[in-house]
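We did not get these values from a lab; they are worked out from the coordinates using the rules stated. Model, not experiment: these values are computed from the prediction. As a convention, Cβ positions derive from the backbone with ideal geometry for all residues, glycine included, and neighbour counts pool all protein chains shown.
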Amino acid sequence: MNHRLSSAVAVSGLVWLVACGEDSKSKEPGPQQEEAGYVLTGQVVSLEPASQTGATRLTIAWENWMRNGDTLVSQGGVAVPQSLPGAWSLRLTGEPGPGALNDLGAGAGFLGTGRIAVYQDVNGDDRFDVESEPLRGLSGTHVVLYAPTVTPALLSELREWNGITNLEALAPGYQLARGVCRDGLSFDALEIVPAVSVEVVSESASYGGCLNYH
């Protein structure tokens, strides 16, 4: 897939939806994530020029691409500082919205892959509509992952996909992953990493960040 929201889901027929989730037992999200949420932080370094009026906001744009076609669900949002570079912080609680997660099929479970995106909120509803609102920036290096539970069946399907280099690190809830270049192969991979400060750059500057993982 091309890089406009992946990087960054510039796919014809994209549908926008409103935002809402290794052993024999399913792992459950820990109390820290349930009570306090998962906090992402970073800096917006550069943005594409504004082409329409509206607030500039940062959101998580969940790409549903494994089984159900290409759809996008926007979760959460914070205003971007007027002067750049500017710090941002976004707290994710609950689960992503309906339709946000990739269904791996055969009862294996679900996995979400979310791009950290900045857009122009033209209609003022605090949600990103990729078909009508300008995308102004992305993280070119990191994505957010979400798994409601982690089961042997889920891990088996993800091993077959071969898109996560350290699958043993996958845990229920939200996690951060960085893009890993795989030269000579069609797609890049993801590596689960501890929470770090994430830079968001203009859409054009985000290319080449090894996030072509599907």
Mean Cβ neighbour count within 10 Å, used as a protection proxy, ranking 163-175, 53-65, 80-92 highest first: 53-65, 163-175, 80-92
Under 13 Å, Cβ to Cβ, from ASP121 - net charge with Lys/Arg +1 and Asp/Glu -1: -1
Relative contact order (percent, whole number), segment 85-146, Cα cutoff 8 Å, 6+ residue spacing: 31
